[in-house]
Each structure stands twice: as C-alpha cells, then as structure tokens.
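What follows is a short report on a single structure.
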Amino acid sequence: MSRTANTGWLYYKGYYHDFDFHFQGSDKKRDEYQESFFRRKNNEIFDQRIDQLPVRVAQSEGNFNVEAIQLMTTYPGLATGTGLMHETGSKGESKLGFSFDYSTGIPCIPGSSVKGNLRAVFPQEVITQKKNLDADGIVERRAFVHALLGGLLEKDEAGLAELRKTYLERCGLDEEMQAQVEPLADLLEREIFDGTFPAIKIEGEDEKRVTVHKLKSVYDRDIFFDAFPVESLAHDGRILGEDFITPHKHPTRKELDKFANPVPVQFLKILPKVIFEFRFQTQDGLLTSEQKLTLIETILTFQGVGAKTNVGYGQLEKP
C-alpha cells in the first residue's frame, strides 16, 4: 500500500479488507493469524509521514480573517475520536476510534472538540444547571477565568468590573439592568461559545424590562475550525503511533480474576512532538479578537485537547 494513501480510509475501510473473520484452526493459530494481519495493517498506518499528506492551506485569505495558533503535542501524545466504533474483538487490532478529515483522511482534531475542551474551564452555568451539578464548581471556574483575564489584560478586580460595565453599556444596558446580568466570565462564555450578547426585552402590559441573551449574526460569531498537523519534529516525520491503556473496573467477588489480570486495550494516537495548527475566526466583543486568541492559546496549553487529558494525553506546548 502506498504511503500516500488516505489514512482515514486505511483505518476504517482498508483495515479489515481481506481479513478472514471465519479463520479455521486452533485458538493459538487464530490468534497468530489475527496479530500478524493487524500488525501489517497498523504498520501501513504508522508509516504515513507528514510530508506525504495532502497539502492544506495554512491560512485563509480575503475577508474570512482566519487566524492560526500552532501548538505541539507532548509525551505521551494525543488521542481524539476515541468514542467512535472501531473493534471486532480480534487480536492485535486498534480498539478505539480516531478522528480523520472526511475528505483527505488527514488526522485531525474536530473544531467541536476544540470548542468543548476550551469551554470546559468556563462556568458552564447553563450546562451544570441542566445536569444538577454542584454550584461550587461554577464558582471555582468563574474565579479561574477571572484570574486568566486579569493576567491577560493586566487588570485587577476593579479593572475587570470596569471592563464588564463598559461592555454592557455598549450593549445598551443601564446600571439597573446591568445588575441583572451574569458575571464577566459567564458573559464571555456566552459570547464565545453561544454567540449571544445581553440585551433588554420589554414584557407584559406593564412593560417590564428584563435582560435576555440575543443571538449575534452568524457573521459576528466566533468560529472554531478543525485542527490539523503541519509538522513532525521527531519519529522520522511520522505522526501516528500505537499505545495501550489498561482499564480497571470495581470488580465483584466473581470478577477478581479479571481485575488481577486486566486486558490492555490498544489504540491509535498522535505521537509527541507533532505540531498542530488550530484555526479560529474571532470577532471583537467583550474582548478584542487578538485578546480572545491569546486567551484561547493560554487555555489550550493549560487544559489540553482531545480524549484522556486526565491521564496526560493531549497536553500542548508552544513549539
């Protein structure tokens, strides 16, 4: 198989091509056949190199105003798309799914995943209310975002309060209505991730004024694009490799033998020292476009991206 093949096709279609699901023989022979078959398939995928992938435009031109941030994976690498199905129960196969660009087959981090990882540090008050989560988590996230903004903008609490007031005045809210609106971190979250801004709505016969969150025009919202690898600084230019995780569950008395002898799960990952380009289209609002990009980069290097970040995967640093 050519090393310039569509990697996504290799993993999801070509991976099981010519595989004998009805292999006849002893258990040992069957295991040997499966391990040998998938070793060859895995090597085809691992052999894909960055300079052989289809060329992608690093930055859009014209009125799209797409900005790029380049960040590099660290040890042990990055996993994305693990929730996708990719398993038949055979020996030697990669058990977890992986995210590839549909058209080119290039490994990618979907824009929705980037957006979700970034939003995870924000208060998420609307989300947590739906899930009935602890309100302390909202307070902690809010304080964290305010600390990030204070460092980014070089402002103390009074300065952040003035920033919020100025923004709400631009939105047309007087002091009375400003008291009804959420703290700064919540406003920023709604603007970046929901594409809304605070406004006044007149309700009822008594024409009571209430604050609402109105949707911005689609042309004025922040957009998160898929992230793609652009360079590999190690592994002879390769970007993909394999890794193993050993899941443990709380066993019942009858399952103690499985706990003592867990079965490692093989999966595909992005190798360390692979540079990804994250692309965004940010708009001026509560923060300027440039300030939003700096905040996004700070969160990505702190939070990481992709799956299994709680065990070290998906951590990023400046190349």
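Within the listed set Arg164, Arg40, Arg142, the Gaussian network model of the chain (springs between alpha-carbon atoms below 10 Å) gives the highest mean-square fluctuation for Arg40.
Rounded, prolate or oblate: which fits segment 1-43 when a ≥ b ≥ c are the square roots of the eigenvalues of the alpha-carbon gyration tensor, with rounded for a/c under 1.5 and prolate only if a/b beats b/c?
prolate
By a 1.4 Å probe calculation restricted to protein chains, Val311 has an accessible surface near 90 Å², given to the nearest 10.
Cα centroids of segment 275-319 and segment 70-130: 15 Å apart.
Let me make sure I get this right: for segment 124-228, a, b and c are the square roots of the gyration tensor eigenvalues over alpha carbons, sorted descending. Under 1.5 in a/c it's rounded, otherwise prolate if a/b > b/c, else oblate. Which is it?
rounded
Take the Cβ atoms of Arg238 and Val66, set R0 to 25 Å, and the FRET efficiency comes out at 0.35.
Can you check what the net charge comes to around Pro110, using other residues whose Cβ is under 13 Å from the Cβ of Pro110 (Lys, Arg +1; Asp, Glu -1)? In short, 0. Listed by chain and number, the aspartates and glutamates placed with their C-alpha closer than 15 angstrom to that of Lys29 are Asp20; residues fewer than eight positions away on the same chain are left out. Gain on full extension, evaluated as 0.36 nm per residue between Lys216 and Thr298 minus their Cα-Cα distance, stands at 27.0 nm. Highest mobility in the GNM of the chain, judged by mean-square fluctuation with C-alpha springs under 10 Å and restricted to Gln281, Gln70, Gln52, is found for Gln52. Taking Cα atoms only, the orientation of helix 135-153 departs from the longest principal axis of the chain by about 80 degrees. To the nearest µm²/s, what D does Stokes-Einstein give for the chain at 25 °C and 0.890 mPa s, using the Kirkwood radius over alpha carbon pairs as Rh? The calculation lands on 109 µm²/s. Over the chain, dividing the summed -39,500 (n - 2.57) contributions of all DSSP H runs of at least 4 residues by the number of residues returns a 222 nm mean residue ellipticity of -10000 deg cm²/dmol. The alpha carbon centroids of segment 204-249 and segment 151-176 are separated by 26 Å. With a cut-off of 9 Å between beta carbons, the residues surrounding Thr282 carry a summed charge of -3, where Lys and Arg count +1 and Asp and Glu -1. The simple spin-label model puts a point 7 Å past each Cα toward its Cβ; for Asn310 and Glu35 those points are separated by 3.2 nm. Label segment 177-319 by shape, choosing from rounded, prolate and oblate, from the square roots a ≥ b ≥ c of the eigenvalues of the Cα gyration tensor; if a/c is under 1.5 it is rounded, and otherwise prolate applies when a/b is larger than b/c, oblate when it is not. Oblate, because a/c is 1.5 or more while a/b does not exceed b/c.
With a cut-off of 11 Å between beta carbons, the residues surrounding Arg119 carry a summed charge of +1, where Lys and Arg count +1 and Asp and Glu -1.
Subtracting the Cα-Cα distance of Lys155 and Asn43 from their residue separation scaled by 0.36 nm leaves 35.1 nm.
The values are calculated or read from the model by the stated rules, or taken from the named source; none is laboratory data. Quantities reported herein were computed from a predicted structural model and do not represent experimental measurements. Using ideal geometry, Cβ is built from the backbone for each residue, glycine included, and neighbour counts are taken over all protein chains shown. Remember, those area values only see protein heavy atoms, side chains included, never the ligands or the DNA or RNA. Shrake-Rupley method; radii C 1.70, N 1.55, O 1.52, S 1.80 Å.
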